[in-house]
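Novice: One structure, as structure tokens, below. Some questions next.
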Amino acid sequence: MTLFGDPVEDSLPARAEPADPFEGADDPNSPLAVRMRPRTLDEVLGQQQLLGPGSPLRRLVEGDAPMSLILFGPPGTGKTTLATIVSTAGNRRFVQLSALNAGVKDVRAVIETARRTLEHGGRPTVLFIDEIHRFSKTQQDSLLAAVEARTVTLVAATTENPYFSLVSPLLSRSLLLTLQPLTDDDINQLVDRALTDPRGLGGTVRLSGEAREHLVRMAAGDARRALTALEAAAGSVLAAAEQEAGEQEAAEQTTSERKTGERKTGEREISLAALEQAVDTAAVRYDRDGDQHYDVISAFIKSIRGSDVDAALHYLARMIVAGEDPRFIARRLVVHASEDIGMADPTALLAATAAADAVALIGMPEARINLAQATIHLALAPKSNAVITAVDAAIGDVRAGLAGTVPAPLRDSHYAGAGRLGHGKRYQYPHDLPEGVATQQYPPDELVGRDYYQPGPRGAERAIAERLAKLRAVIRGIRP
């Protein structure tokens with residue numbers, strides 16, 4: 001189809017020309033991650049929550065439904081892959097923009113060309129915008145009318161929470177799909193495929209068990225990171241093998257090799273050392289299901305308890321590099337904030353829970369900063385175990401049978417007949433008193449005078465101890 005003598009699909013600006021979604025996939029010189037990019041949904045690893053029969057994404061690809069998508073997830077989880085697969089469904093035009101360098105003018109040019117293409121019977125356009133969270137509000141607003149009218153099918157990728165980084169009207173016009181990091185099993189399948197597939201390394205190398213474990217840990221659910229590291233290691237090993245073969249004496253070659261001029265180097269192994277050297281990342285001896293898992297987290301917590309901030313950061317780094325689940329680290333920080341700091345610094349628990357929220361909201365690798373901040377806060381905070389000591393002492397008494405009867409003034413008096421039972425009588429409402437504290441028995445008779453909470457002399461608990469002594473004296477009617 002042409003317009004004023006020029007092909008409609010050739011009228012896009014230079015930065016937004018229709019792209020081949022699988023460009024470079026068949027080029028042996030392309031990066032391994034490009035060559036191994038899945039071309040169908042059935043090749044995609046992970047994201048089963050999005051790829052099941054009848055899922056919106058599968059219907060979009062297989063049913064040719066013009067539905068705009070926001071793909072939210074950490075790096076290397078398949079956002080670009082899914083966008084390219086969507087673009088091939090129904091013979092759509094694929095146009096890609098990067099929010100790093102595209103402006104409103106580029107967006108409008110793509111939309112205008114897409115509109116004219118549709119008017120003249122051309123193919124529908126899929127507009128893929130990578131890192132759309134970097135678009136300003138004005139740039140995002142420029143998409144709204146075209147997405148609403150389905151002039152383009154928008155497929156946008158973001159690593160940041162779209163509810164904070166995208167405008168509400170764009171979210172309401174799109175289907176939000178959340179991608180999860182790949183599991184270790186997914187990464188293992190990906191590595192196996194790359195090692196054997198002709199599009200990948202084609203069986204030229206194999207991976208030792210130690211190297212595989214380290215590669216999976218290092219990937220941390222990121223497919224691109226795994227393939228990039230594997231490619232670097234394979235290239236190093238194959239280059240060394242080629243050099244070795246070139247230095248072999250002619251007498252060491254077989255007769256058939258002399259005739260053909262070929263050298264047999266065989267399948268080469270990528271060892272742990274070769275992988276470390278290729279990617280410049282030392283393997284951390286750490287088993288997430290074994291002794292090291294418990295030893296390192298124990299050392300981490302004990303370093304915080306001992307106020308050694310540097311040691312605590314070291315153990316945090318070991319867990320991060322080894323691929324420990326950041327949610328596990330965050331949970332331990334939240335527990336530690338109350339167990340070993342408590343009321344000596346009441347803000348410690350706030351810092352720890354904020355870090356846990358950040359892990360859920362942002363994910364790795366950025367959340368390492370939040371975990372480090374919470375670690376530093378807790379390590380430097382004054383320490384007290386008064387909270388856990390208090391609650392465990394109270395639990396111990398209850399388990400020992402010291403439960404007793406709730407004093408009558410404290411019992412529920414909001415139902416018919418409660419008054420006749422004496423419930424709520426003689427209860428003193430603290431807010432009616434000038435000091436806001438009443439002399440009144442709160443625990444059962446068996447526990448009167450039992451002091452569970454014993455604030456320490458450090459941090460905020462020093463002042464709490466003074467106030468607590470005064471409160472207990474008033475409540476129990478003890479005269480100074």
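The values are calculated or read from the model by the stated rules, or taken from the named source; none is laboratory data. No experiment lies behind these values; they were computed from the predicted model shown. Neighbour counts run over all protein chains shown; Cβ positions are idealised from the backbone, glycine included.
Novice: Which condition number does ALA381 fail, the rest of (1) modelled with pLDDT of 95 or more; (2) more than 23 Å from ALA220 (Cα to Cα) being met?
Specialist: (1)
Novice: Go through (1) of a type in the set (S, T, N, Q); (2) in a helix (DSSP H, G or I); (3) crowded, with 19+ Cβ neighbours inside 10 Å and name the single condition THR138 misses.
Specialist: Every condition holds for THR138 apart from (3).
Novice: What number goes with the only condition from (1) surrounded by 15 or more Cβ atoms within 10 Å (Cβ to Cβ); (2) part of a loop (DSSP other than H, G, I, E, B); (3) modelled with pLDDT of 85 or more that GLY424 does not pass?
Specialist: The one condition GLY424 does not meet is (3).
Novice: Would you point out which residue out of ALA367, ALA322, ALA416, ALA317 is aliphatic (A, V, I, L, M), within 26 Å of PRO74 (Cβ to Cβ), at pLDDT below 85 and not assigned by TED's automatic domain parsing to the domain that holds SER165?
Specialist: One residue alone meets the criteria, ALA322.
Novice: Pick from GLU23, GLU62, GLU17: which is at pLDDT below 65, within 30 Å of the chain's Cα centre (by Cα) and surrounded by fewer than 15 Cβ atoms within 10 Å (Cβ to Cβ)?
Specialist: Of GLU23, GLU62, GLU17, the one residue that is at pLDDT below 65, within 30 Å of the chain's Cα centre (by Cα) and surrounded by fewer than 15 Cβ atoms within 10 Å (Cβ to Cβ) is GLU23.
Novice: For region 167-214, which positions are of a type in the set (A, V, I, L, M, F, W, C) and surrounded by fewer than 19 Cβ atoms within 10 Å (Cβ to Cβ)?
Specialist: Matches in region 167-214: VAL167, LEU171, LEU175, LEU176.
Novice: What are the pairs, 6+ residues apart or on separate chains, where a residue within region 380-409 that is without any contact (Cβ under 8 Å) to a residue 60 or more places away in the chain has its Cβ under 7 Å from a residue that is loosely packed, with under 15 Cβ neighbours inside 10 Å and of a type in the set (Gly, Ala, Ser)?
Specialist: Once the first residue is without any contact (Cβ under 8 Å) to a residue 60 or more places away in the chain and sits in region 380-409, its partners that are loosely packed, with under 15 Cβ neighbours inside 10 Å and of a type in the set (Gly, Ala, Ser) give ALA408/GLY422.
Novice: Moving on. Residues that are buried (at least 22 other Cβ atoms within 10 Å of the Cβ): which helices (runs of 4 or more DSSP H) entirely in region 296-413 hold 1 or more of them?
Specialist: Passing ranges, in order: 309-321, 326-336, 347-362, 367-380.
Novice: Ok, one more. Name the helices (runs of 4 or more DSSP H) wholly within region 141-226 that hold at least 1 residues that are farther than 27 Å from ASN91 by Cα?
Specialist: The helices (runs of 4 or more DSSP H) meeting that bar are 162-165, 168-172, 184-196, 209-219.
Residue by residue, here is whether (1) touching a residue at least 12 places away in the same chain (Cβ under 8 Å); (2) surrounded by fewer than 18 Cβ atoms within 10 Å (Cβ to Cβ); (3) among the charged types (D, E, K, R); (4) not in a strand (DSSP E or B) holds:
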position	(1), (2), (3), (4)
VAL86	yes, no, no, yes
GLN96	yes, no, no, no
ARG108	yes, yes, yes, yes
ARG123	yes, yes, yes, yes
PHE128	yes, no, no, no
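Novice: Within region 42-59, is there a residue that is of a type in the set (Val, Ile, Thr) and at pLDDT below 85?
Specialist: No: region 42-59 contains no residue that is of a type in the set (Val, Ile, Thr) and at pLDDT below 85.
Novice: Does VAL147 satisfy being in contact (Cβ under 8 Å) with a residue 12 or more places away in the chain and either touching an Asp or Glu at 6+ places or on another chain (Cβ under 9 Å) or farther than 30 Å from PRO365 by Cα (or both)?
Specialist: In short, yes.
Novice: To continue, here is another question. In this structure, does ILE111 turn out to be modelled with pLDDT of 85 or more and over 28 Å from the mean Cα position of the chain (by Cα)?
Specialist: yes
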